[in-house]
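Quick notes on the structure that follows.
Throughout, read-outs are computed from the coordinates displayed, never taken from laboratory work. The shown structure was predicted, so the numbers you read here are calculated from the model rather than taken from an experiment. Note that we place each Cβ from the backbone using ideal geometry, even for glycine, and neighbour counts take in every protein chain shown.
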Amino acid sequence: MRVRVRVPATIANFGPAFDVLGLALSLHNEVELEPSDRPEVTVSGEGEHVLPATAANLVARAAERVAQAAGRAGVFRIRCRNRIPMGRGLGSSAAAIVGGAAAANAALGRPLGTDALLDLVWKMEGHPDNVAAALLGGAVLVDVSTGRVAWTRFVPRWDAVIVAAIPDFTVSTVEARGALPECVPLADAVANLGRTARLVAAMTTGEVELLAGALDDALHQPYRRRLVPGMDDVITAAREAGAYGAVLSGSGPTIAAVAPADRADGVGRAMVAAFGRHGHRAVSTVLGIDESGAAVTTP
Ligand code: HSE
């Protein structure tokens with residue numbers, strides 16, 4: 001069976017929720033997949049000149065893992081149409097893994113349930129927050145502290161949009177994880193706990209006044225500052241232009257602000273100008289929340 005999957009971009013580490021809260025965005029890649037007698041991968045759009053058009057492609061590897069887990073043949077013809085920019089902290093690798101895995105699972109008659117699929121994509125990606133949101137849509141809280149993925153999905157009720165300022169440089173997630181310390185001060189951990197609770201309360205109740213300060217982070221952003229020139233100024237510029245707050249998206253370098261819709265254009269301009277003051281061109285885009293996650297259709 002031939003299937004098509006639309007898979008969203010994501011913000012991982014949403015605000016203070018390092019590695020535990022992901023948000024799916026209204027920006028998508030598409031994967032078309034069908035079982036075949038020889039592997040075939042084509043890529044168009046973002047990454048078309050750099051991503052391997054072979055079985056080494058992350059989409060194909062994820063599809064093959066699903067087939068292996070189901071005890072089936074893992075040879076597919078795959079067509080990727082990519083819109084999520086790569087290396088910018090918007091979950092492009094999670095989208096590739098989830099796109100390939102969800103498409104293969106659907107094409108093979110859904111041998112894996114949601115939890116098994118989430119476990120597989122988490123282990124491929126190495127951290128759970130992007131893949132959970134890409135697979136399930138909305139906002140997803142994930143906890144892998146027991147070695148298994150426990151997840152809770154909800155749709156933010158706030159009256160707000162996401163404004164993403166995407167600069168012209170990339171950050172390697174491996175390098176950005178390497179920048180993190182082994183231990184953090186207890187006061188920073190406590191501050192993040194309080195903010196995470198307030199953030200989730202703001203998102204689930206829609207009370208945007210709870211967002212004041214709730215998007216701030218002390219667990220990863222300070223350590224990644226040197227990889228993202230202008231990070232603090234861009235976050236401040238977003239706030240001064242009327243955003244409720246702004247965060248480093250995933251491991252960066254994109255900065256994502258949460259703002260009232262009528263302030264979104266001004267917030268985007270202010271963030272782009274702030275990156276400019278640090279010598280980087282950036283583009284801004286206004287996004288909503290994707291509620292569908294990896295949505296499968298049969299073309
Ligand atoms: N939670 C991960 C990290 C997301 O910050 O390292 C990477 O995109």
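One chain, two ends: Thr205 and Val283. Fully extended at 0.36 nm per residue, the span grows by 25.0 nm beyond their Cα-Cα distance. Estimated purely from DSSP H runs of n ≥ 4, each contributing -39500 (n - 2.57), the mean residue ellipticity at 222 nm for the chain is -10500 deg cm²/dmol once divided by its residues. The calculated FRET efficiency for the pair Met1 and Thr114, based on their C-beta separation and a Förster distance of 25 Å, comes to about 0.80.
Can you tell me the relative contact order of the chain? Whole percent, Cα pairs under 8 Å, sequence separation 6 or more.
25
Taking the number of Cβ atoms within 10 Å of each Cβ as an exposure proxy, the fewest-first ranking of Tyr223, Tyr244 is Tyr223, Tyr244.
Starting with the highest mean, order 11-21, 156-166 by the number of other Cβ atoms within 10 Å, averaged over the residues of each peptide.
So the order, starting with the most tightly packed, is 11-21, 156-166.
Between exposed GluC sites (Glu not before Pro) in the chain, where DSSP calls loop and at most 15 other Cβ atoms lie within 10 Å, what's the longest gap?
49-181
Where does the charge balance sit around Leu58 when Lys and Arg score +1, Asp and Glu -1, over other residues with C-beta under 12 Å from its C-beta? Result for the neighbourhood of Leu58: 0.
Calculated FRET efficiency, Ala179 to Met86, Cβ-Cβ distance, R0 = 22 Å: about 0.65 to the nearest 0.05. The magnitude of the dipole of the stretch 161-287, with charges of +1 and -1 set on the Cβ of Lys/Arg and Asp/Glu and taken from the Cα centre, is near 220 debye. Among complete DSSP H helices in the chain, those whose alpha-carbon atoms stretch at least 24 Å along the helix's long axis and whose mean Kyte-Doolittle hydropathy reaches -1.0 are 186-205. Measuring nothing but alpha carbons in the chain and taking Rh as the Kirkwood radius, the Rg to Rh ratio lands at 0.97. Short-range pairs are left out: with C-alpha atoms under 8 Å and at least six residues apart, the relative contact order of the stretch 161-287 is 39 percent.
Compared with the rule-of-thumb size 2.2 N^0.38 Å for a compact globular protein, the stretch 133-288 has a Cα radius of gyration ratio of 1.04. Counting 0.36 nm for each residue step from Ser44 to Thr146 and taking away their Cα separation leaves a gain of 32.8 nm.
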